[in-house]
Amino acid sequence: MRSSQPETGKAAWSTSLKIPRAWAEGDSSTPEAQMVGFAGGNVIVTVNTGYNAVTAGIDIATHQVRWTAQNVRTRAVTAEAAVGVDILDGFGPDQLVGLDPATGKEKWRAERNAGDTTVESAGPSLVRAWGWAEDGGARFDRLLKSGTGKVQADVPKGLDNSSCPFDQAQTLVCTSQSLLVALDSTSGKEI
């Protein structure tokens, strides 16, 4: 991992994150690293392949890896949690999980889903999660409280394949081909 100075683009620091050799033996895809966010004094980074993942908290002051969470593909970070998907065995069912960004300890874990669950940031304290429930396969699309995993609100129908970026003030702006919806970033309610 490398950090660069925004003014100059020059490297500020770097550190290594080791991934298991077994990844290369069982998965032909190339590992991809993504800096997901910053909280709890750590830069939160996820490295994943098609069937493997690891999330790490890298101390912003010492540049050392403070913690790792195997099989977790983190996609959203708030002050309260690093939220992602535990890909379990790499195929099929998965579970949403919230980790303490300072320690990497699990704060909450949701019920198992059918797989391919997606998570994205939805403001300062919410995350959006969508996918298919494991039992019965019912589709879900929800805003969750990042620190607890509790459902704050369901995302309105018709926004299945849309993005809902946070405006950095108080609103999630969701758009699809024929719909524009604004959601309050704390309650999840339509504005």
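For segment 123-160, applying the loop criterion from DSSP together with a ceiling of 11 other beta carbons within 10 Å to the trypsin sites (Lys or Arg not before Pro) yields LYS150, LYS157. Return the Rg/Rh ratio of segment 2-160 with Cα-based radii and a Kirkwood Rh. Value, to two decimals: 0.99.
Only loop residues by DSSP count here, and only those with at most 13 other Cβ atoms within 10 Å; note down the chymotrypsin sites (Phe, Trp or Tyr not before Pro) in segment 66-136 that meet that.
Working: sites: TRP67, PHE91, TRP108, TRP130, TRP132; in loops: PHE91.
Passing sites in segment 66-136 are PHE91.
Within a straight-line Cα-Cα reach of under 13 Å, LYS189 can be paired with the following aspartates and glutamates, leaving aside sequence neighbours fewer than 8 residues apart in one chain: ASP154.
How far, in nm, would the chain grow between MET35 and LYS10 when pulled straight, counting 0.36 nm per residue and subtracting the alpha carbon separation?
Numbers: separation 25, 0.36 × 25 = 9.00 nm, distance 1.74 nm.
Stretched fully, the MET35-LYS10 segment lengthens by 7.3 nm.
For segment 108-191, compute Rh as the Kirkwood radius over C-alpha pairs and then the Stokes-Einstein diffusion coefficient at 10 °C and 1.306 mPa s; write the answer in µm²/s, rounded to an integer. D = 122 µm²/s.
Length gained on full extension, GLU120 to THR186, computed as 0.36 nm times the residue gap minus the Cα-Cα distance: 22.3 nm.
Can you pull out the trypsin sites (Lys or Arg not before Pro) in segment 65-115 whose DSSP state is coil and whose Cβ has at most 11 other Cβ atoms within 10 Å?
Values: sites: ARG66, ARG73, ARG75, LYS105, LYS107, ARG109, ARG112; in loops: LYS105.
Hits after loop and neighbour filter: LYS105.
Measuring between alpha carbons in the structure, the pairs from LYS105/LYS150; LYS107/LYS157; LYS18/LYS150 lying more than 23 angstrom apart are LYS107/LYS157; LYS18/LYS150. Placing unit charges on each Cβ (+1 for Lys and Arg, -1 for Asp and Glu) gives segment 1-149 a dipole about its Cα centre, and among ASN113, ILE60, PRO31 the Cα reaching farthest toward its positive end belongs to ILE60.
We did not get these values from a lab; they are worked out from the coordinates using the rules stated. Not measured: the values here are computed from a predicted model. When we count neighbours, we look across all protein chains shown, and the Cβ atoms used for this are built from the backbone with ideal geometry, even at glycine.
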